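Data block below; observations after.
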Amino acid sequence: MTQTGKKRFKVEVNSALCKECDYCREVCEQGVFESSGLFNQAGYLYLEAKQDENCNGCMKCFLICPDFAITVELEEENAPQSTDSTRSAAARTR
């Protein structure tokens, strides 16, 4: 946690998987996502988490991404918790 007691989250978009469907940007009420202005190898303009300091950890972006391109991690001083294993488990059940 930060000095103010507010939890901080690190949001990352895998640029190789993102197809700029914009679902994450639509569901994010915190304005975390913006276009990178760059193309990935598949030819898509991918999104970036340019304002991840605004993230409140609601996980809407993580849950709505059809390409499993988003990870959200709780930032802690000792050991950050990752949602990668949750997303991986969900992908295997499809």
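No value in this document is a laboratory result; all are computed from the given coordinates. Quick caveat, the model's predicted, so the values are computed rather than measured. FYI the Cβ positions are ideal-geometry reconstructions off the backbone, even for glycines, and counts take in every protein chain you see.
Data overview
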| item | result |
| --- | --- |
| Highest average packing first - 28-40, 11-23, Cβ atoms within 10 Å | 11-23, 28-40 |
| Approximate spin-label separation ARG25-LYS50, in nm, with each point projected 7 Å along Cα-to-Cβ | 0.9 |
| Simple spin-label estimate for LYS10 and SER35 in nanometres, 7 Å along Cα-Cβ | 2.9 |
| Segments 63-76, 41-54 sorted - mean Cβ within 10 Å per residue, highest first | 63-76, 41-54 |
